[in-house]
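Here is the structure we will look at.
The values are calculated or read from the model by the stated rules, or taken from the named source; none is laboratory data. The structure presented is a predicted model; accordingly, all values stated were derived computationally and were not measured. Positions of Cβ are backbone-derived with ideal geometry, glycine not excepted, and every protein chain shown enters the neighbour counts. Quick note on the areas: whole protein, heavy atoms, side chains included, nothing else; ligands and nucleic acids left out. Shrake-Rupley method; radii C 1.70, N 1.55, O 1.52, S 1.80 Å.
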Amino acid sequence: MPIKVLNPQVVSRIAAGEVVERPASVVKELVENSLDAGSSQISIEARGGGVSLIRVTDNGAGIPSGEVGLAFDRYATSKVSSLEDLESISSLGFRGEALPSIAAVAQVDMVTCVSGEPAGTYLGLKDGAIANRGSQGRSQGTTVIVRNLFRKIPARLKFLKSVATENGHIANVVSQYALAFPEVKFSLSIDGRVALRTPGSGRLIDSIIEVYGVKVAGHMIEIEGEAKALLPQVAGMVGSPSTSRSGRGQLSFFVNRRWVNSRLLARAVEEAYHGLLMSGKHPIAVINIWLPTQEVDVNIHPTKSEVKFRNEHLVFSAVHRAVRQALVEKMPVPRIEEVAVAYESPSRQVFPSPTQARLASPAPWASEVPTSPLPVLRVLGQLDNSYIIAEGPDGLYLIDQHAAHERVLFENIERQRLRQEIEIQGLLEPMMLEVSPRQGEVLRSHYEDLAEFGFSIEPFGDRTFLVRAVPALVYRKDWVGMLRELLDSLAEGGKSDWVEGIAKSIACHGAVRAGQTLTDTEMHELVRQLEQSATPRTCPHGRPTMIHLSSGQLKKEFGRT
Ligand code: ADP
Ligand code: MG
């Protein structure tokens with residue numbers, strides 16, 4: 001055959017082969033585009049292993065109607081424009097290849113809308129060329145629909161594995177991005193089933209719960225780099241050695257938030273576990289590495305899944321050190337039952353663990369009920385606008401939202417008071433407070449206690465006082481009623497009664513009520529804070545904050561043994 005230049009269609013199909021290896025590659029490219037567009041919500045739908053349909057919908061910036069067609073031109077990108085830009089890439093995409101490559105091997109439709117435009121733009125492509133164009137209503141963001149992937153390339157179709165395998169690859173891609181971007185709400189549906197849904201709370205642990213389950217999440221240890229100014233920064237979570245798996249592949253690495261495969265990094269982590277894992281076991285880890293964009297070359301492969309570090313040794317040792325340090329320092333303290341057993345055996349000496357020490361000397365008013373810390377919980381939903389339903393490693397939890405919030409606020413308030421960090425809200429106009437003679441007497445001797453919590457009150461007349469500021473938590477609540485209640489109920493109380501009483505009262509008035517709808521994010525926030533609490537299982541008044549049904553109890557209820 002004589003030498004000749006290939007026609008554009010052949011060129012684009014060859015090039016597409018490099019970017020679009022399998023359906024999961026399409027998902028990866030589309031999700032990356034959604035993330036680059038600043039989306040806070042990304043829904044992914046796949047059917048037939050991603051061959052029949054892939055649909056990615058986001059609420060990102062969208063594409064202006066004048067530029068939509070250009071997005072499908074090869075090497076058309078809004079993310080880099082000069083050679084210098086290539087040196088410091090902060091977006092996930094930059095090659096301008098994904099959309100044209102996908103359009104070369106599938107049928108693609110796009111609807112996109114930027115804020116300010118009256119309607120969205122619709123674009124339909126066939127064989128890589130624009131076949132239809134119109135306007136279509138939609139809110140800000142972009143939807144890309146990919147149908148019949150590789151339908152015209154039988155060789156490629158044959159190379160694909162079973163639907164289940166391709167689904168697995170798709171779920172993995174979305175899981176990785178869910179771990180890398182905990183602040184984004186992801187939802188993945190595969191053949192109509194919800195395969196993954198993350199709350200977008202911004203906390204890595206919430207994504208880990210959804211990807212690996214509550215049991216694993218409960219055994220994750222946080223890692224932190226050393227001094228904040230030093231680069232590379234390493235952050236994330238690693239599994240305690242007891243949660244290891246027999247297969248590799250539970251290692252996720254993100255370099256400046258880009259999901260990368262790296263043997264170098266995998267080795268750094270595996271070596272950090274040296275001596276802690278049984279042979280044949282592999283750790284679970286989610287590791288974020290931050291370093292100056294000039295220190296890493298992301299432009300070495302069309303799929304951008306591999307990177308090259310300028311100083312490999314530096315990155316290796318930063319990751320190794322961070323993981324090792326976390327494992328050694330933060331290995332979970334022995335459980336209370338284990339300690340108790342150890343105490344019974346006379347031959348061994350046991351020193352109290354930090355958990356125990358805390359249990360031994362609780363805050364004075366936290367002593368009412370024996371307590372144990374809460375495991376990591378996965379929020380499932382809200383019941384009756386009053387209870388949060390959650391799953392733990394050991395069964396079901398039904399959490400009373402008001403009581404739980406009261407507990408959390410109570411501990412926050414006490415902590416803030418001790419550090420003199422109570423948030424105060426000044427009143428626009430001082431407010432006159434009229435009280436009974438007896439209330440007046442009590443108030444006069446407790447200005448200071450109230451001031452510690454943010455009430456700024458001064459005498460104005462015999463039975464009149466001026467309130468100039470109140471704790472921010474109760475600013476919009478009935479704080480006048482609350483003050484009167486305190487003055488009556490604590491008339492005889494001493495300093496510690498007052499401190500405790502005021503904290504309880506602010507917590508109670510500031511907490512969410514029963515009957516209040518909570519968003520997913522609010523529920524996650526509340527549950528996370530409750531997990532941090534020293535006495536999560538009771539409210540400050542001693543009432544239970546939750547009902548726990550263990551897996552054993554559930555089985556018994558259902559008559560299974
Ligand atoms: P790249 O991501 O490398 O720039 P792509 O072919 O993936 O190349 O996308 C081309 C361009 O289309 C992007 O640079 C961006 O401007 C625009 N684009 C693609 N997807 C989206 C999206 N979901 N939201 C907003 N803009 C998008
Ligand atoms: Mg892209």
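List the pairs whose first member sits in segment 467-491 and is touching a residue at least 60 places away in the same chain (Cβ under 8 Å), whose second member is of a type in the set (Val, Ile, Thr), and whose Cβ atoms are under 6 Å apart, counting only residues at least 6 apart or on separate chains?
473/506
Are there any strands (runs of 3 or more DSSP E) wholly within segment 451-561 with 2 or more residues that are among the hydrophobic types (A, V, I, L, M, F, W, C), and if so which?
Strands (runs of 3 or more DSSP E) meeting the threshold: 464-471, 546-550.
Sort out which residues of segment 169-209 are open to solvent by 40 Å² or more (accessible area, probe 1.4 Å) and either within 12 Å of residue 23 (Cβ to Cβ) or not basic (Lys, Arg) (or both), and write them in order of number.
169, 172, 183, 191, 192, 194, 195, 202 - these are the residues of segment 169-209 that are open to solvent by 40 Å² or more (accessible area, probe 1.4 Å) and either within 12 Å of residue 23 (Cβ to Cβ) or not basic (Lys, Arg) (or both).
Quick test of your reading of the structure: residue 129 fulfils all but one of (1) surrounded by 23 or more Cβ atoms within 10 Å (Cβ to Cβ); (2) more than 16 Å from ligand 2 (Cβ to nearest atom). Name the failing condition by number.
(1)
Yes or no, residue by residue, for (1) within 8 Å of ligand 1 (Cβ to nearest atom); (2) modelled with pLDDT of 95 or more; (3) of a type in the set (D, E, K, R):
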site	(1), (2), (3)
33	yes, yes, no
55	no, yes, yes
78	yes, no, no
94	yes, no, no
98	yes, no, no
116	no, no, no
124	no, yes, no
129	no, no, no
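Identify all residues within segment 266-282 that are out of contact with any helix residue (DSSP H, G or I) (no Cβ under 6 Å at 6 or more places or on another chain) and open to solvent by less than 30 Å² (accessible area, probe 1.4 Å); write none if there are none.
Scanning segment 266-282 gives 266, 273, 282.
Can you run down the residue pairs with Cβ atoms below 8 Å, 6 or more apart or on separate chains, where the first is in segment 537-561 and touching a residue at least 24 places away in the same chain (Cβ under 8 Å) and within 28 Å of residue 514 (Cβ to Cβ) and the partner is aromatic (Phe, Trp, Tyr) and assigned to a helix (DSSP H, G or I)?
Cβ pairs passing all conditions: 539/410; 540/365; 540/410.
Give just the number: which of (1) assigned to a strand (DSSP E or B); (2) open to solvent by less than 40 Å² (accessible area, probe 1.4 Å) does residue 406 not satisfy?
Of everything listed in (1) assigned to a strand (DSSP E or B); (2) open to solvent by less than 40 Å² (accessible area, probe 1.4 Å), residue 406 misses just condition (1).
Looking at the structure I just gave you, is residue 90 open to solvent by 50 Å² or more (accessible area, probe 1.4 Å), in contact (Cβ under 8 Å) with a residue 60 or more places away in the chain and within 27 Å of the chain's Cα centre (by Cα)?
Yes; evaluated as a whole, the condition is true for this residue.
Give me the pairs, please: first residue somewhere in segment 187-202 and on the phi < 0 side of the Ramachandran plot, second residue anywhere and small (Gly, Ala, Ser) and open to solvent by 40 Å² or more (accessible area, probe 1.4 Å), beta-carbon distance under 7 Å, and either six or more positions apart or on two chains.
Sorted first by the residue in segment 187-202, then by its partner, the pairs are 187/43; 188/195; 189/195.
Within segment 135-146, can one find any residue that is open to solvent by less than 20 Å² (accessible area, probe 1.4 Å), more than 16 Å from ligand 2 (Cβ to nearest atom) and either among the aromatic types (Phe, Trp, Tyr) or more than 33 Å from the chain's Cα centre (by Cα) (or both)?
no
For segment 179-205, give me each residue that is of a type outside the set (A, V, I, L, M, F, W, C) and more than 15 Å from residue 47 (Cα to Cα).
Selection gives 182, 183, 185, 197, 198, 199, 200, 201, 202, 203.
With the checklist (1) open to solvent by less than 60 Å² (accessible area, probe 1.4 Å); (2) at pLDDT 90 or above; (3) more than 16 Å from ligand 2 (Cβ to nearest atom) in hand, flag the one item residue 47 doesn't pass.
So the condition that residue 47 fails would be (1).
Could you grab the pairs with beta carbons closer than 7 Å, sequence gap of 6+ or different chains, first residue in segment 70-81 and of a type in the set (Val, Ile, Thr), second one more than 7 Å from ligand 1 (Cβ to nearest atom)?
Hits for this filter: 80/86; 80/89.
Looking only at segment 87-106, which residues are within 15 Å of ligand 2 (Cβ to nearest atom), in contact with a Phe, Trp or Tyr (Cβ under 8 Å, 6 or more places away or on another chain) and either over 19 Å from residue 30 (Cβ atoms) or not basic (Lys, Arg) (or both)?
Passing the criteria: 96, 97, 99, 100, 103.
Count, please, the residues in segment 54-79 that happen to be more than 13 Å from ligand 2 (Cβ to nearest atom) and buried (at least 17 other Cβ atoms within 10 Å of the Cβ).
Counting residues in segment 54-79 that are more than 13 Å from ligand 2 (Cβ to nearest atom) and buried (at least 17 other Cβ atoms within 10 Å of the Cβ) gives 8.
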